[in-house]
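Structure record follows, encoded as structure tokens.
The values are calculated or read from the model by the stated rules, or taken from the named source; none is laboratory data. All figures in this text were calculated on a predicted structure; none of them were measured in a lab. Methodologically, a virtual Cβ is constructed for each residue, glycine included, from the backbone with ideal geometry; neighbour enumeration extends over all protein chains shown. Remember, those area values only see protein heavy atoms, side chains included, never the ligands or the DNA or RNA. Shrake-Rupley method; radii C 1.70, N 1.55, O 1.52, S 1.80 Å.
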Amino acid sequence: MRPQFAGHVPLTFFHSFSSLPRGSIARIRPRIDSSWLHTSSPILDRGLDFKVYNRQFGRDNASIDSPRPYSTQIPSHPDSNRKHIAVLGGGISGLSTAYYITRMLPEAKVTLYEGSERLGGWLQRRSDQMGQVPCIEDLKLEDSMILIPKTSPGATNRFIYYPDHLVKMPGPGQNIFSMMGALLTEPVFGGIFNVVRSVVHEHSALPRPSSLQDESIGSFIERRFNSPIFAQNLASAVAHGIYAGNIYELSAKSLLPVAWALESIYGGLIMGALQMKKGAHLGTSADIKLLREMHPKVRMSPKLKDVSVYGFRGGIGTLSKALEKRLKGNSNVAFKMGQMVRGVEYDAAGEGVRIKTSLNRLPATYNTCISTLPLRYLSTIVPSNTLPSLSTLHSVTVMVVNLYFASPNLLPPSGGFGYLLPSSIPHTQNPERALGVIFDSSTFALLPSQGTSLTVMLGGHWWDSFTSYPTDSEGASMAKAVLKRHLGISEEPTHINVTLQKDCIPQYKVGYSATMEKANWEVRREFKGKLSVVGNAVNGVGVNDCVRGAREVVLAMKEGRDVTGLEGFGEVKLH
């Protein structure tokens, strides 16, 4: 029997290295949090990112076989008595948007455009709990879930490879003396005592300059904790995991919004955490509203309380297929498959949006449009130079290699989720430019496999200068070389699957929040409130972020608010 590769998103693993500090609220904007070093309850994707177990790396779209569209007839102009909404993109973001429209605006007509012949986008074939769980419950997918407890090796054992061996990160359930020994002797923890001294003496630290509107994560850590080594060894590994990005380019304001807000409000991170009143939360208004609204309604909350990771037996495709089935059973929803969107413009006469595709000769007009297309691509199909801010955005490319070995027990005896590689690792130890490795067969013990399954991620920001990428065979050879060097696995895998994800992870670089503020103004100016955007460059790179972003935009429409989806980007306040 052909082995079943673990269908997962490596972000699931990488997000497990960062979790919400106690007393904070999960945010709709992505972030990396330093509390992953000592948290007693690591929550993958900090409650709002990939908590599902997928196959591909980090994109919010999936790619699964789907039948031909059952309906392609749409009016060329909006029905004045009935709202007609266009949804651009058939990935998880697009499917979720259409789903929430049918739930919140049941009388509205929906036309979903997908450029390929399959729905689901990047998640081929193959969790803010408040964001995705209600959807899972409504689709009756609870029985398809795989729940991994916080006490499992996959939840408690995480590693960083530096400089030439695996180093277990401190965590719950570990011997205090072993942890202290590692902190004192392992080179990867160099600079940790500078961090401790900075925390102890935080009250005397210089305040952040008022003129500093944003800075890189690396700069933020060095300034706050006086430890370049800590940034380069540990923080860079986490950044590789979540964004496949460079900590000296990624935005602290956008990706560490709680830490940035604590420093702004209280002058320091620890001081802020201590001074926050009991019951107070830092987050966006949407965060607080969603938490208060959904938490009492989610019947699965107690069930997930002690769960570190949850997934689906059929991979994330289970969710996308369920959404597809639900939507195709709704007569108000039509699919336009195989139609690449080539033009989006405001229709002043009809006060709507005109959509031009690769197949239609005359643009179709809709009352409202919600785009889940990549923002940079969107900037190329609107009237010339009307959304210039979106044209500056950048994404990285990642190669994902799934490998299956016939022999069991090829992984470390302790088991674990896997390991990350920091930017400071010697080149001789990582010439392939790997980002990290997931121990699939260790984490998801329920997988029907007697061998060993692993996933290797390559590329990210390290490949930014590449004009061409490795072939599938080259990628497979690179992944095998990584496993042989780091884990001593010389056995030839019986099955390999290689996927190149081009431009799959948006990079929230320094100044990203300001760019989104400009983009919000540009979209509103050009489309008069008739165009909204959802997706991993807006709401966060995880499935749950995108599902939640879709819900927020549709809820605003239900409440009669014209939104772009970019309002209040990165805004974190004390509630």
Only one of (1) farther than 30 Å from Arg376 by Cβ; (2) crowded, with 19+ Cβ neighbours inside 10 Å; (3) not aliphatic (A, V, I, L, M) fails for Gly488. Which number is that? (2)
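Restricting attention to segment 472-483, does a residue exist that is touching a Ser or Thr at 6+ places or on another chain (Cβ under 7 Å) and open to solvent by 30 Å² or more (accessible area, probe 1.4 Å)? Spell out how you get there, then give the answer.
First, the residues of segment 472-483 that are touching a Ser or Thr at 6+ places or on another chain (Cβ under 7 Å): none.
No; the residues of segment 472-483 include none that is touching a Ser or Thr at 6+ places or on another chain (Cβ under 7 Å) and open to solvent by 30 Å² or more (accessible area, probe 1.4 Å).
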Take segment 527-549 and flag every residue that is of a type in the set (A, V, I, L, M) and outside any helix (DSSP H, G or I). Leu531, Val533, Val534, Ala537, Val538, Val541
(1) closer than 17 Å to Ser532 by Cα; (2) modelled with pLDDT of 95 or more: which one isn't true of Met340, the others all being true? (1)
By residue number, the members of segment 340-360 that are open to solvent by less than 20 Å² (accessible area, probe 1.4 Å), under 30 Å from the mean Cα position of the chain (by Cα) and not β-branched (Val, Ile, Thr) are Gly343
Hey, among the residues in segment 244-262 that are closer than 25 Å to Ser465 by Cβ and either of a type in the set (Lys, Arg) or modelled with pLDDT under 95 (or both), which one's surrounded by the fewest Cβ atoms within 10 Å (Cβ to Cβ)? Ser254
All positions within segment 158-188 that are touching a strand residue (DSSP E or B) at 6+ places or on another chain (Cβ under 8 Å) and open to solvent by less than 40 Å² (accessible area, probe 1.4 Å): Arg158, Phe159, Ile160, Tyr161, Val167, Met169, Gly171, Ala182, Val188
Which residue pairs have Cβ atoms under 7 Å apart, sit 6 or more places apart or on different chains, and have a first residue in segment 389-411 that is over 24 Å from Glu474 (Cβ atoms) and a second that is open to solvent by 50 Å² or more (accessible area, probe 1.4 Å) and not basic (Lys, Arg)? Ser407/Glu491; Pro408/Gln450
Go through segment 70-116 residue by residue and tally those that are open to solvent by 10 Å² or more (accessible area, probe 1.4 Å), modelled with pLDDT under 95 and under 16 Å from Lys321 (Cβ atoms). 2
Any chance segment 514-525 includes a residue that's touching a strand residue (DSSP E or B) at 6+ places or on another chain (Cβ under 9 Å), small (Gly, Ala, Ser), outside any helix (DSSP H, G or I) and at pLDDT 95 or above? no
Take Thr372 and tell me if it is polar (S, T, N, Q), within 24 Å of Val541 (Cβ to Cβ) and open to solvent by 20 Å² or more (accessible area, probe 1.4 Å). no
Which residue pairs have Cβ atoms closer than 8 Å, lie 6 or more positions apart in sequence or on different chains, and pair a first residue in segment 218-244 that is closer than 19 Å to His201 by Cα and part of a loop (DSSP other than H, G, I, E, B) with a second residue that is modelled with pLDDT under 95 and among the basic types (Lys, Arg)? Asn226/Arg197
Quick test of your reading of the structure: Ser407 fulfils all but one of (1) out of contact with any Asp or Glu (no Cβ under 8 Å at 6 or more places or on another chain); (2) modelled with pLDDT under 95; (3) part of a loop (DSSP other than H, G, I, E, B); (4) open to solvent by 10 Å² or more (accessible area, probe 1.4 Å). Name the failing condition by number. (1)
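Listed here are the residues, each with its yes/no results for (1) under 22 Å from Ile85 (Cβ atoms); (2) under 21 Å from the mean Cα position of the chain (by Cα).
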position	(1), (2)
Thr365	yes, no
Ser379	yes, no
Leu420	no, yes
Ser424	no, no
Gln429	no, no
Hits in segment 426-439 (condition: modelled with pLDDT of 95 or more and either surrounded by 24 or more Cβ atoms within 10 Å (Cβ to Cβ) or of a type in the set (Phe, Trp, Tyr) (or both)): Ala434, Leu435, Gly436, Val437
